[in-house]
């Protein structure tokens, strides 16, 4: 299975199924990645039977989508677009719950508008499968969300001052000019932490639904790049000084 966000490799770390490239948490709190997951699936199937078409009424789908959009503080036009996506694809998704379809539709609508939306639910893998099915079958185009949008998400989630958002975005623009790139959520997380070092990596990572390790990796990349630039400037300065002070014959 590949990461639905960036196409990277999926691996298991400390009970979580994560992307080794962007750090997306696909499944969390799994003691046994196989037995625990399948046991959970069986339990969920007994407790929540999938609603099949025509049971997926437009009203029910719309109501669930509006709840998701409201809880994530997104504009209502996302609910409108997500409802259209869900109704257009409800016959394609068999054996899945209406809520899973709603989550997938909101994700696609948010991404198409460049808005950050990363969810944490026990059945995340089911939702990712629906997303991949819809994108493949309907040729839905998903636009990558900018790091700036993820900065705004962290600031709002953690209740940080507005100036943190502005400073973090300024840092990201500086990185872009220097050619420092990365996956949008990890870039945003690193910028926010550099703006407010007193924040914990774990709380920033949780707000972005990525692992703290992904942010640490991005910070390490930035420090390495900065160190290389400093060494290059020092070498250039030394060479220039030697040329000026060398005797002319």
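The values are calculated or read from the model by the stated rules, or taken from the named source; none is laboratory data. Please read these numbers as outputs of a predicted model, since none were measured by experiment. Because the Cβ atoms are built from the backbone with ideal geometry, glycine has one as well, and the counts that use them run over all protein chains shown.
Return a yes/no flag: does region 158-178 have any residue that is surrounded by fewer than 17 Cβ atoms within 10 Å (Cβ to Cβ), in contact (Cβ under 8 Å) with a residue 12 or more places away in the chain and outside any helix (DSSP H, G or I).
Checked region 158-178: at least one residue is surrounded by fewer than 17 Cβ atoms within 10 Å (Cβ to Cβ), in contact (Cβ under 8 Å) with a residue 12 or more places away in the chain and outside any helix (DSSP H, G or I).
I need a count of the residues in region 103-119 that are within 21 Å of residue 158 (Cα to Cα) and assigned to a helix (DSSP H, G or I).
1
Please specify each residue of region 119-133 satisfying the condition of being under 18 Å from residue 85 (Cβ atoms) and at pLDDT below 80.
119
Residues of region 202-211 being surrounded by 17 or more Cβ atoms within 10 Å (Cβ to Cβ) and more than 18 Å from residue 167 (Cβ to Cβ), which ones? So that I can check it myself, show each step before the final result.
Filtering region 202-211 down to residues surrounded by 17 or more Cβ atoms within 10 Å (Cβ to Cβ) leaves 204-211.
Those that are surrounded by 17 or more Cβ atoms within 10 Å (Cβ to Cβ) and more than 18 Å from residue 167 (Cβ to Cβ): 205, 206, 209, 210, 211.
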